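Read-outs: derived from the displayed coordinates by stated rules, not from any lab. No experiment lies behind these values; they were computed from the predicted model shown. In this analysis, Cβ positions are derived from the backbone assuming ideal geometry, glycine residues included, and neighbour counts consider all displayed protein chains.
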Amino acid sequence: MKPSNQSVIYIYIVSAIAAVAGLLFGFDTGIISGALLFIEKDFPVSTEMKELIVSSVLFGAMFGSLASGRLTDRFGRRRLMLIISGLFIAGTAIAALAAQVSGILLGRLFIGFAIGIGSYTAPLYIAEVSPYELRGGLVSLNQLAITIGILCSFIINYAFTNIDGSWRWMFGIGLVPAVLLSLGMFFLPESPRWLVKQNRHDEAVNTLRRLRKSTDVSHEINEIRNSLQIKQASFREIFKPWILPVLFLGAMLGFIQQVTGINTIIYYAPAIFQLAGFPDASSSILATVGIGIVNVLATIFAVCYLDKLGRRPLLLTGLIGMCISLIGLSVAFQSGTDASLLRWIAMGCTFVYIICFAFSLGAILWLVVSEIFPLEVRATAMGVAVFSCWLWNFIVSSTFLTLLNAMGPSMTFLIYALMCVFSFAFCYYKVPETNGVTLEQIEENIRRRLPLRDIGQPGPSKTPLTQTPEYQAD
Ligand code: BGC
């Protein structure tokens, strides 16, 4: 049954509010590059301390994502989002009002912890409340929000460039989306899948009716119940042989999203532009705002087309484009083209790279990891995939400058290009097309031990996994 217009509008509103967590993720990871310049003026900070300030958020996020599996199962998706909006508010206030560097570090750790949980709970929540026909676009709203958050942080960095003590304002502005998230989540429904899992069937039915704007939700409830017939899994059970392949796939996607170099551009674009001959910091930061804008636009394209074109074509095309633009960057730096030409080549390649990332790996990682795990282990297994993403983000971001110094830009970008080649081969052979298929069907395919690439095969399940009495809507 096609979702009604009314229900489509409602589900978009619900998803957009949950996606404010993504906006905070983008804002709080993007803001530091600008804030750091001013923190240095107020406090004497060593290079190591600077690295610590930048990486404290990534560190917090690693632990947040590890804890989030258990936390979402225990508190529910909605309540946990409310809790993390409180953490965002507390962390932002601590960092913005810090009297010493230790205060900034503590606040950023809190914020990172909240980002780690949010980066996992928001797509999970959206995937679970979405009708499957719209799931791709709706979950990608989260990535769209991340890119809008990054763009806002770049604009604010640019706007505050010449104001003293501005780092407090840069951090402090993060309070606005944090408060909006807490207000918004207050009114949203809990995930019906989580309610069924908690044996709160009547609430689940009512919530689903509200979400679908329809009284007949028995089919969907039955599908969820069928997928839940097997007992709840413990942490150890995510390592069971039938789950291991998808766990590996999730962790690999997190790895691939980061080792192909996205955050060397997002966190260090001004430095790269200066290396390519941009005359001063402010023109480099302005060019970085351009990066933020194309990142948002290409993500809008992904939101509109993921459910029409499918995940695999976008993913594979994007990886090819990323690889070519990284090779372009590498060649440009190698051939020592005269400064003005190099500047434009570097900017062109960086823009193409960002566009290709945004419509492929950017949106698809968060979508696919919210889709591939069976419900009984979804929370914990998705936590592992998201942890892998943060871990590799941390490793790549904290080694980029060292690589640049040791090998030069040409070799460094060539390494990321090689990573794209490897990633293309992996995705070509292993990543399934999950477009237009229910989460329950994907789960059934995994139980049937289909090869990874085929777990998104459609087709109504003719043999139910277990014989449960049909749920009757009253
Ligand atoms: C990635 C982030 C990245 C952002 C850029 C996200 O999907 O996880 O690490 O900074 O995309 O848009």
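Structure notes:
- Relative contact order, percent, segment 142-254 [alpha-carbon distance under 8 Å, six or more residues apart]: 12
- A straight line joining the Cα centroids of segment 333-385 and segment 143-182 runs 22 Å.
- Taking Cβ separations below 4.7 Å as the criterion for a possible disulfide partner, the isolated cysteines in the chain are Cys152, Cys304, Cys349, Cys356, Cys389, Cys427.
- Euclidean distance of C-alpha centroids, segment 45-88 and segment 230-289, integer Å: 16
- Rel. contact order, % - alpha carbon contacts under 8 angstrom, at least six apart, segment 36-150: 32
- Derived scalar couplings ³J(HN,Hα) [segment 270-278; Karplus, 6.51 cos²θ - 1.76 cosθ + 1.60; whole Hz; x for Gly, Pro]: x, 5, 5, 4, 5, 4, 7, x, 5
- Mean separation of Cα contacts under 8 Å (6+ apart) over length of the chain, as relative contact order %: 22
- Karplus 3J(HN,Hα) series, Hz, for segment 114-126 with 6.51 cos²θ - 1.76 cosθ + 1.60 (x for Gly, Pro): 5, 4, x, 5, x, 5, 9, 6, 4, x, 4, 4, 5
- Helix-only CD estimate at 222 nm, as mean residue ellipticity for the chain, using -39500 (n - 2.57) per DSSP H run (n ≥ 4): -26000 deg cm²/dmol
- Bridgeable aspartates and glutamates around Lys197 (alpha carbons under 19 Å apart, same-chain partners fewer than 8 residues away excluded): Asp73, Glu128, Glu220, Glu223, Glu237, Glu371, Glu376, Glu440, Glu443, Glu444, Glu470.
- Rg then Dmax, both in Å and based on the Cα atoms of the chain: 22.2, 75.
- In order along segment 74-90, the phi-based Karplus estimate (6.51 cos²θ - 1.76 cosθ + 1.60, θ = phi - 60°) of 3J(HN,Hα) comes to 6, 8, x, 5, 5, 5, 5, 5, 5, 4, 6, 5, x, 5, 4, 5, 4 Hz; Gly and Pro are listed as x.
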